[in-house]
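J.: Before anything else, here's the structure in question.
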Amino acid sequence: MYDVSLKTTTFAHIINTWILQINMKIYYYHTRPIKPALQEWEQYRHPGHILYGLPLLKKNGIDCILHRYKAINGRLKLALYTAKEILCCKEHYDAIYGTSFRGLELIIFLRALGLYRKPIAIWHHTAVSRSSNKLREAVSRFFYTGIDKMYFFSQKLIKDSLLSLKASPLKMELIHWGPDLAFYDHLLAEIPDRKTLGFVSTGKENRDVSTLLQAFVATEEEFDLYISPQCGHINYKEIIESFSLSESVHIHYTGGIIPYELAKMVACKSCIVICCLDFPYTVGLTTLVEAFALGLPVICSRNPNFEVDIDKEGIGITVEYGDVQGWINAIRYMADHPEEARKMGANARKLAEERFNLEIFSREIAESLSEISNISSKKRTFA
């Protein structure tokens with residue numbers, strides 16, 4: 001008997017392949033300097049997933065014009081500069097792809113007004129929310145009509161965004177953002193005698209350093225904390241200096257350290273810990289996907305915005321926000337059950353290879369950008 005599902009899958013694959021063979025070009029917008037990072041990626045010194053699929057877009061049939069980054073203080077000044085760069089761009093492109101809408105606000109409003117005709121796709125790092133201020137809510141609703149596609153890190157963020165009633169579910173898409181496995185495999189090959197020992201924490205955004213230090217002081221397990229002295233309104237150095245730390249806790253301030261060197265140090269630890277404050281986005285996700293790639297287990301704050309269920313997938317242990325005793329218990333469990341920890345790490349690596357990695361999410365982004373570009377070209381008569 002003929003397998004109808006196989007026919008459907010094959011047909012979908014043919015259509016997707018055909019779409020990706022279409023030569024298209026995007027205007028790639030990022031809120032940081034890109035060319036140096038791209039050059040470092042080519043030398044295996046920078047993970048490609050931090051660039052939101054850029055390194056592999058050409059492989060998937062998409063050329064890119066890189067936005068000329070300029071450090072600008074003030075949101076309005078940044079938006080004006082970005083609008084000028086985009087509107088004065090002389091190269092042809094089919095769509096804008098932004099890793100954030102910060103700086104793209106004026107272009108998005110022009111799109112909403114019908115004065116800018118190319119589709120705009122952006123990453124939305126938090127759920128779309130509502131405002132109690134009626135004027136702000138009205139302006140926000142109009143703003144979102146100027147975005148053709150929003151990419152999210154999880155279905156939870158999409159579900160919460162739909163409650164705002166500001167955008168159609170057709171404009172929202174889950175992308176399986178995951179690690180650049182080639183980068184990490186190259187890194188691991190440079191550590192042939194790799195031995196893992198101790199716990200490690202990296203990252204800088206909204207980390208719960210106080211809970212973390214209380215737990216490690218109590219357990220006296222070997223722990224290395226790599227963190228910026230300050231991030232935003234949080235002064236980590238001040239928090240750290242308020243503790244009387246044991247000799248097993250080692251603090252490293254990370255000003256100027258490059259991702260490659262930090263990843264090499266992380267690779268030599270037995271468990272990655274991600275202790276975060278309760279914020280409504282995927283805080284800690286970058287560290288989590290690094291653990292996937294390195295095949296290391298995690299202890300992580302129980303963030304409902306993650307697409308991955310850490311406990312269910314058997315890749316680590318989650319702890320409620322601010323639960324010091326919960327962290328103590330999890331740390332001791334990992335330390336006392338090394339074989340179980342190794343199995344968790346192997347599960348994490350398998351998850352990266354099969355469901356969450358740079359190859360997969362770059363392909364998903366390329367397919368989506370091609371789709372919105374094709375839809376838009378049928379609707380518009382000029383660009």
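J.: Just checking, how many residues over region 86-99 are touching a residue at least 60 places away in the same chain (Cβ under 8 Å) and loosely packed, with under 15 Cβ neighbours inside 10 Å?
T.: Summing the residues that are touching a residue at least 60 places away in the same chain (Cβ under 8 Å) and loosely packed, with under 15 Cβ neighbours inside 10 Å in region 86-99 gives 3.
J.: Please specify each residue of region 253-289 satisfying the condition of being within 20 Å of the chain's Cα centre (by Cα) and part of a strand (DSSP E or B).
T.: Those that are within 20 Å of the chain's Cα centre (by Cα) and part of a strand (DSSP E or B): Ile272, Val273, Ile274, Cys276, Tyr281.
J.: Could I ask something else about it? Being in the same structural domain as Ala335 (by TED's automatic domain parsing) and surrounded by 18 or more Cβ atoms within 10 Å (Cβ to Cβ) is true for just one of Gly232, Gly203, Gly198. Which residue is that?
T.: Exactly one residue qualifies, and that residue is Gly203.
J.: From Ala71, Ala83, grab the single residue that is loosely packed, with under 15 Cβ neighbours inside 10 Å and in the same structural domain as Lys149 (by TED's automatic domain parsing).
T.: Ala71
J.: Just give me the residues in region 316-331 being within 19 Å of Thr287 (Cα to Cα), in a helix (DSSP H, G or I) and either in contact with a Gly (Cβ under 9 Å, 6 or more places away or on another chain) or among the β-branched types (Val, Ile, Thr) (or both), in sequence order.
T.: Once the filter is applied, which keeps residues that are within 19 Å of Thr287 (Cα to Cα), in a helix (DSSP H, G or I) and either in contact with a Gly (Cβ under 9 Å, 6 or more places away or on another chain) or among the β-branched types (Val, Ile, Thr) (or both), region 316-331 yields Ala330, Ile331.
J.: Cβ-Cβ below 8 Å, separation at least six or inter-chain, first residue in region 248-267 and closer than 14 Å to Phe183 by Cα, second among the β-branched types (Val, Ile, Thr) and assigned to a helix (DSSP H, G or I): which pairs?
T.: These pairs meet every condition: Pro259/Ile50.
J.: Taking interchain pairs and intrachain pairs at least six residues apart, which have beta carbon atoms under 6 angstrom, with the first residue in region 207-221 and over 17 Å from Glu241 (Cβ atoms) and without any contact (Cβ under 8 Å) to a residue 60 or more places away in the chain and the second hydroxyl-bearing (Ser, Thr, Tyr) and surrounded by fewer than 24 Cβ atoms within 10 Å (Cβ to Cβ)?
T.: Matching pairs, first to second residue: Glu220/Ser246; Glu220/Ser248.
To keep it simple, each residue is scored yes or no on (1) surrounded by 15 or more Cβ atoms within 10 Å (Cβ to Cβ); (2) assigned by TED's automatic domain parsing to the domain that holds Arg32; (3) under 26 Å from Leu54 (Cβ atoms); (4) among the basic types (Lys, Arg).
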position: Phe101; (1), (2), (3), (4): yes, yes, yes, no
position: Leu104; (1), (2), (3), (4): yes, yes, yes, no
position: Ile108; (1), (2), (3), (4): yes, yes, yes, no
position: Leu113; (1), (2), (3), (4): no, yes, no, no
position: Trp123; (1), (2), (3), (4): yes, yes, yes, no
position: Thr126; (1), (2), (3), (4): yes, yes, yes, no
position: Arg130; (1), (2), (3), (4): no, yes, no, yes
position: Val139; (1), (2), (3), (4): no, yes, no, no
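J.: Please list, ordered by first then second residue, the pairs with beta carbon atoms under 6 Å, 6 or more apart or interchain, first in region 334-347 and in the same structural domain as Cys271 (by TED's automatic domain parsing), second exposed (fewer than 15 other Cβ atoms within 10 Å of the Cβ).
T.: Close Cβ pairs satisfying both conditions: none exist.
J.: Residues to consider are Lys343, Lys350; find the one that is within 23 Å of Thr282 (Cα to Cα), at pLDDT 95 or above, surrounded by fewer than 16 Cβ atoms within 10 Å (Cβ to Cβ) and basic (Lys, Arg).
T.: Selected residue: Lys350, the only one of Lys343, Lys350 that is within 23 Å of Thr282 (Cα to Cα), at pLDDT 95 or above, surrounded by fewer than 16 Cβ atoms within 10 Å (Cβ to Cβ) and basic (Lys, Arg).
J.: Something else about it: Any idea which of (1) under 28 Å from the mean Cα position of the chain (by Cα); (2) outside any helix (DSSP H, G or I); (3) surrounded by 18 or more Cβ atoms within 10 Å (Cβ to Cβ) is the one His250 doesn't satisfy?
T.: (3)
J.: Would you mind finding the one in Ile315, Ile272 that is within 18 Å of Leu212 (Cβ to Cβ) and either assigned by TED's automatic domain parsing to the domain that holds Ser210 or among the aliphatic types (A, V, I, L, M) (or both)?
T.: Unique residue meeting the criteria: Ile272.
J.: Taking region 190-201, which residues are modelled with pLDDT of 95 or more and either in a loop (DSSP other than H, G, I, E, B) or within 25 Å of Leu56 (Cα to Cα) (or both)?
T.: If the condition is that a residue be modelled with pLDDT of 95 or more and either in a loop (DSSP other than H, G, I, E, B) or within 25 Å of Leu56 (Cα to Cα) (or both), then Gly198 is the only one that fits.
The values are calculated or read from the model by the stated rules, or taken from the named source; none is laboratory data. What you see is a predicted model, and the numbers here were worked out from it, not measured in a lab. For neighbour counting, all protein chains shown are included, and Cβ atoms are generated from backbone atoms with ideal geometry for every residue, glycine included.
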